[in-house]
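Structure first, commentary second.
The values are calculated or read from the model by the stated rules, or taken from the named source; none is laboratory data. All values reported here derive from a predicted model rather than from experimental measurement. Note that each Cβ is placed from the backbone with ideal geometry, even for glycine, and that neighbours are counted across all protein chains shown.
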Amino acid sequence: MKQLFVSGHRGCAGCCDAMAAKFTLMGAGEDCIVVSPTGCLEVMTTPFPETSWNVPWIHSLFENAAAVASGIEAALIAMGKKGNTRVVAIGGDGATMDIGLQAISGAFERGHDFTYVCVDNEAYMNTGVQRSSGTPFDASTTTSPVGKVSFGNQRPKKNMPAIIAAHGSPYVATTSLGYAKDMISKVKKATETPGPTYIHCHAPCTTGWGFDTSKTVEIAQMAVKTGLWPLFEMENGEVTKVRKIGKAAPVEDYLKMQSRFKHLFSKEGGAEEIAKIQAIADKNIEYYGL
Amino acid sequence: MTPKGDLKMDKMVVVEGSYAVAHAVKVCRPNVISAYPITPQTHIVEDLAKFIADGEIQNCECINVESEFSALSALVGSSAVGARSYSATTSQGLELMHEVLFNVAGMRLPIVMTVANRAVSAPINIWNDHQDAISQRDTGWIQLYGENIQEVSDMTAQAFKIAEDKDILMPAMVCMDGFILSHVYEPLVMLEQDLTDEFLPSYEPLNILDPKKPLSFGAFADPNYYTEFRYMQQKAMTNALKKIEDAADEFYDLFGRYYGGLIDEYQTEDADIILMAMGSIIGTIKDTIDKLRQKGVKVGLLKVRAFRPFPAEAIRKAVKDAKIVVVLDKNISLGLNEGALFTETKSCLYNTSNHVPVVGYMIGHGGRDIRMSTIENIISEAQEVMKSGIKVESQFTDLREELL
């Protein structure tokens, strides 16, 4: 199989973005145009005059990937060049859930034929691990640090898939770097579904989360096994498929693998906080029937 | 000297300025139009939407985006695919585009955008001045200013031709005074389809996003490379100086209409006093000059069509025999107390042997009416400066002292 995303980039060992880009292109195939907003992926893959992309690729700004994708799709249609070419945006959680949300909302509402892949590593990693609206409850980041009177980020993750589904998207799915085949097949399905489709990929960041570079996949799998990251598909607003997890692992098994949660195991009151996170997982398990 | 184009009366129609521009855009055969409504730009995009609804623009997609930021961002994508791409905006919308403006220029995407010039908030004000576009002067966009709707209409085709030239590949703003030109009904010759097809061939991009030939656009450039990208943008702007003149000449040859190249001159041959300005104020100044010429006042006008690239050489040449240069600006650099055209005109005369006095007037902010009597006062003050030297270098005009 032709490598559409090649090695030699400047990503960290065990980099989630590199894996996500590779899996996305394995699902989308060669006949696609990729848009990347500003972020680690853009910086590490295109230091001029080098590139890791064997598909046409464009980076414009931080907050406009979905708008750029809209323009590409409109131009291909206008010029009679659309054919089977897929337009795929690949953005981080900050670019997707925070600064780029308005452009994404516009593009999905307008119904452009494109796929948006959010690579969610749960903080602004490119600028040094600052909190985003994807940062989970009680995670310590550089702008939501643990302190004498704080357990870190005090808000739950924004429910981005639900927001996209509310736009009437025909296909919304969550996936995880722990399950490459799941991601590749969901991206394939998303890109083959006409209209604006969305993939939300849970993506552990070795640097930002604080774990050994060999553990990216293992940690991603553990998030799924605890119920903290449910894998599901939604078609036209309805959940149509869920990955069952059987007997759920306790959230401690996931939290203790990462230094961003280590205060939960050393600080007074940590057990109560872990119980709150377990409640988030339990709610997911119940809601999605995991 | 300016070749005179005779407008063919039998081809003239009376339409609104916005309609004339929308028609011109249609005739230029765009592939993607992306815009967000904002007064006083709205009529342009409404008219374009109607053309599309009536099937009058072939091979064109119109995107009703959710903001000006996305309006221009969508065109980054469309232009990178090789589509002729157009937008229109003004004021707050243009300011919201600020970040994207730099990006478009840096990626060398020849997007054309009409700016229906309007004041910026606060206080909020929907009427005309040039603060919006002037505030974007360093973003790498060619900026052309039209005097009337005939010129703005024709300038649209010129702008595409200039922007898409392989030696340029820079985006261009066609600036028209909001309301004063966008909403005025005037007789004009609508841009002709057959001649425009001859004047403006289809856009042939050098590089596009194409799965058959994958390229990376918008890579990041570290300190080893960034400087050369900036240099090449400046070089393209320098190339545009000649291209703007050439486009005006070629347009004249085909269409028989001419409004100047980088600049235009009116009654400057023997003028002691030369006024400089941009946009619709030009007509008022010409009328004032006609009146004062009858009284023997040797006054002329240097109309600036291209503000970016800045036509320094053309200005130096035009004012070489003047005894005073008076620059009228519909904008201000707060903290400098000068309008941009004034500052830059002074700057382009410094380090030359021409020590002509240059004075500046900031005028027409937020749509305040500019009367011939105001221009006459300015000219009589200039006559005083010729006798006794500069006392006030740059000042506001028509201040209502009773409100202060």
Does the range B:272-324 hold any residues that are β-branched (Val, Ile, Thr), touching a Leu at 6+ places or on another chain (Cβ under 8 Å) and either closer than 30 Å to B:MET237 by Cβ or modelled with pLDDT under 95 (or both), and which are they? B:ILE274, B:ILE281, B:ILE282, B:ILE285, B:VAL304, B:ILE315, B:VAL319
Which one of these is touching a residue at least 24 places away in the same chain (Cβ under 8 Å), more than 22 Å from A:PHE137 (Cα to Cα) and touching a helix residue (DSSP H, G or I) at 6+ places or on another chain (Cβ under 7 Å): A:THR174, A:THR197? A:THR197
Counted residues in the range A:55-78 being facing another protein chain (nearest Cβ under 7 Å), of a type in the set (A, V, I, L, M, F, W, C) and in contact with a helix residue (DSSP H, G or I) (Cβ under 7 Å, 6 or more places away or on another chain) come to 10
Which pairs have Cβ atoms under 8 Å, sit 6 or more apart or on different chains, and link a residue in the range A:1-26 that is without any contact (Cβ under 8 Å) to a residue 60 or more places away in the chain and assigned to a loop (DSSP other than H, G, I, E, B) to one that is surrounded by fewer than 23 Cβ atoms within 10 Å (Cβ to Cβ) and among the acidic types (Asp, Glu)? A:LYS2/A:GLU30; A:LEU4/A:GLU30; A:GLY8/A:GLU50
Which residue pairs have Cβ atoms closer than 7 Å, lie 6 or more positions apart in sequence or on different chains, and pair a first residue in the range B:79-95 that is assigned to a strand (DSSP E or B) with a second residue that is surrounded by fewer than 24 Cβ atoms within 10 Å (Cβ to Cβ)? B:THR89/B:ILE38
Could you check, for the range B:66-76, whether at least one of its residues is away from every other protein chain (no Cβ under 14 Å) and not hydroxyl-bearing (Ser, Thr, Tyr)? no
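This table checks each residue for (1) under 15 Å from the mean Cα position of the chain (by Cα); (2) assigned to a helix (DSSP H, G or I); (3) acidic (Asp, Glu).
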| site | (1), (2), (3) |
| --- | --- |
| B:PRO214 | no, no, no |
| B:ALA236 | no, yes, no |
| B:ASP249 | no, yes, yes |
| B:ASP253 | no, yes, yes |
| B:GLY260 | yes, no, no |
| B:LYS303 | yes, no, no |
| B:VAL325 | no, no, no |
Return a yes/no flag: does the range B:369-389 have any residue that is of a type in the set (D, E, K, R) and within 23 Å of the chain's Cα centre (by Cα). yes
Close pairs (6 angstrom Cβ cut-off, 6 or more residues apart or separate chains): on the phi < 0 side of the Ramachandran plot and polar (S, T, N, Q) in the range B:189-202, surrounded by 13 or more Cβ atoms within 10 Å (Cβ to Cβ) and at pLDDT 95 or above anywhere: B:GLN193/B:VAL27; B:THR196/B:VAL27; B:THR196/B:ALA157
Go through the range A:29-50 and give me each residue that's part of a helix (DSSP H, G or I), facing another protein chain (nearest Cβ under 9 Å) and crowded, with 24+ Cβ neighbours inside 10 Å. A:GLU42, A:THR45
A:GLY83 passes all but one of the listed conditions (1) within 7 Å of chain B (Cβ to nearest Cβ); (2) in a loop (DSSP other than H, G, I, E, B); (3) among the small types (Gly, Ala, Ser); the exception is number (1)
Flag for B:LEU241 being modelled with pLDDT of 95 or more, under 23 Å from B:ASN117 (Cβ atoms) and in a strand (DSSP E or B): no
Among the listed residues B:ASN377, B:ASN354, which satisfies the condition of being polar (S, T, N, Q) and assigned to a loop (DSSP other than H, G, I, E, B)? B:ASN354
Only one of (1) part of a helix (DSSP H, G or I); (2) free of Cβ contacts under 8 Å to residues at least 60 places away in the same chain does not apply to A:LYS186, and that is (2)
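This table checks each residue for (1) among the hydrophobic types (A, V, I, L, M, F, W, C); (2) within 22 Å of A:LEU177 (Cβ to Cβ); (3) part of a helix (DSSP H, G or I).
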position	(1), (2), (3)
A:ILE199	yes, yes, no
A:TRP209	yes, yes, yes
A:ALA220	yes, yes, yes
A:ALA223	yes, yes, yes
A:THR240	no, no, no
A:GLY246	no, yes, no
A:GLU273	no, no, yes
A:ILE277	yes, yes, yes
A:LEU290	yes, yes, no
Among the residues of the range B:59-82, the number that are under 23 Å from the mean Cα position of the chain (by Cα) and crowded, with 24+ Cβ neighbours inside 10 Å is 9
Residue pairs, Cβ under 6 Å, 6 or more apart or interchain, first in the range B:35-47 and modelled with pLDDT of 95 or more, second among the aromatic types (Phe, Trp, Tyr). List them. B:PRO40/B:PHE179; B:ASP47/B:TYR19
I'd like to check something: does the range B:110-129 contain any residue that is of a type in the set (A, V, I, L, M) and within 11 Å of chain A (Cβ to nearest Cβ)? yes
When every residue in the range A:175-208 that is polar (S, T, N, Q) and under 12 Å from the mean Cα position of the chain (by Cα) is compared, the one nearest to A:LYS241 (Cα to Cα) is A:THR175
Being charged (D, E, K, R), under 19 Å from the mean Cα position of the chain (by Cα) and assigned to a helix (DSSP H, G or I) is the filter here, so list the residues in the range B:327-351 that pass it. B:GLU344
Over the range A:86-138, the set of residues of a type in the set (A, V, I, L, M) and not in a loop (DSSP other than H, G, I, E, B) is A:VAL87, A:VAL88, A:ALA89, A:ILE90, A:ALA95, A:MET97, A:LEU101, A:ALA103, A:ILE104, A:ALA107, A:VAL117, A:VAL119
Please verify whether the range B:36-58 includes one or more residues that are hydrophobic (A, V, I, L, M, F, W, C), closer than 17 Å to B:ASN117 by Cβ and either at the interface with chain A (Cβ under 9 Å from one of its Cβ atoms) or surrounded by fewer than 24 Cβ atoms within 10 Å (Cβ to Cβ) (or both). yes
